[in-house]
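Enquirer: So that we are looking at the same thing, I have put the structure below in structure tokens.
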Amino acid sequence: MFLKYNKNEKLEFNYKRACGLWLILVAAVILAATFVGGKQIINMQVFCIGYIVSFFMVNMNKKVLNKLSYGSSSEFQRKVSLYAIILLLVLMSLLGGPFFADENWRLIWLGALMATAIHFFMYYFVHGKSMIYLGAFCTLNILAGYIFSAIPVTVVAYIDAAIKLIFGIYLLFFSKPSKQK
């Protein structure tokens, strides 16, 4: 069984609300870092500090997780989450990392945003179908940034933040716990 996945077990998606709060905070961080901008287009310091603070506020805070969850995750879901984070880091270094030497901030940020969009697909197994839609919308937005160089990265970032905000609001306030069909 890969990652302890049991095909006969129906996955329960109990952490949608916590994921929603996380997406809202990340959207706010992207908005703030893009607004501050500077040479890096999306201010790296604002982004990193905001991301780390938000991560600990939600994902490492048992009180918040317990308040927003409808139950626990399976061992398989915990492993998928870990591997999704590893995938994110690997993709960020592959897609954005090579451009640090030239300080090509456009390609650094498009790479980071694309890595994030791709890693959302793995979260289908943790949070359900909404992650497929989130990943698809984010991927299409970032592809437009790659294809049409006239589109400023700030526009791509603001749209990316809006997508995450919309999905975050939906997951936090309107989604219900569900099971895999």
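Enquirer: Given a Förster distance of 30 Å, report the FRET efficiency between Ile147 and Ala32 from their Cβ-Cβ distance, rounded to the nearest 0.05.
Expert: The pair Ile147/Ala32 has a calculated efficiency of 0.65.
Enquirer: Which whole-number percent gives the relative contact order of the chain, counting Cα pairs below 8 Å spaced six or more residues apart?
Expert: Over the chain, the number comes to 37 percent.
Enquirer: Then there is this: Taking the structure as given and computing Kirkwood radius over Cα pairs in Å, which label from (1) 16.8; (2) 17.9; (3) 18.9 fits?
Expert: (1)
Enquirer: Which of Lys39/Lys79; Lys39/Lys62; Lys39/Lys129; Lys62/Lys129; Lys7/Lys67; Lys16/Lys39 have a Cα-Cα distance over 31 Å?
Expert: Distance filter (> 31 Å) returns Lys39/Lys79; Lys39/Lys62; Lys39/Lys129; Lys16/Lys39.
Enquirer: Just to confirm the number: angle between the C-alpha axis of helix 130-147 and the first principal axis of the chain, 0 to 90 degrees, nearest 10?
Expert: So the helix axis and the longest Cα principal axis differ by about 10 degrees.
Enquirer: On a full-extension model of 0.36 nm per residue, what is the gain between Lys7 and Phe56, subtracting their alpha-carbon distance, rounded to one decimal in nm?
Expert: My answer for the length gained is 14.4 nm.
Enquirer: Can you tell me how much longer the chain between Gln45 and Lys63 gets when fully stretched, taken as 0.36 nm per residue apart minus their C-alpha distance, in nm with one decimal?
Expert: The Gln45-Lys63 span can extend by a further 3.7 nm.
Enquirer: If you don't mind, another one. Between helix 75-95 and the chain, what is the angle of the helix's C-alpha long axis to the longest principal axis, kept within 0 to 90° and rounded to the nearest 10?
Expert: 10
Enquirer: List the residues whose amide H sits under 5 Å from the amide H of Gly37, counting only those 5 or more places along or on another chain, with H placed 1.01 Å from N in the peptide plane.
Expert: For Gly37, whose amide H was placed from the backbone, the distant partners under 5 Å are Asn43.
Enquirer: Tell me the angle of helix 105-122 to the major Cα principal axis of the chain, expressed in degrees between 0 and 90 and rounded to the nearest ten.
Expert: Computed tilt is about 10 degrees.
Enquirer: Let me ask something else about it. What distance in nm separates the two pseudo spin-label positions at Arg78 and Phe121, each 7 Å out from Cα along the beta-carbon direction?
Expert: 2.7
Enquirer: Subtracting the Cα-Cα distance from 0.36 nm times the residue separation, let me have the gained length for Phe173 to Phe100 in nm, one decimal.
Expert: Net length gain for the segment: 22.4 nm.
Enquirer: Here is a follow-up. Among 161-174, 82-95, how do they line up from the highest to the lowest mean number of other beta-carbon atoms within 10 Å?
Expert: Peptide ranking by packing, descending: 161-174, 82-95.
A short reminder: the numbers here are calculations on the coordinates, not readings from a lab. Since this is a predicted model, take the numbers as computed values, not measurements. Cβ atoms come from the backbone with ideal geometry, glycine included; neighbour counts cover every protein chain shown.
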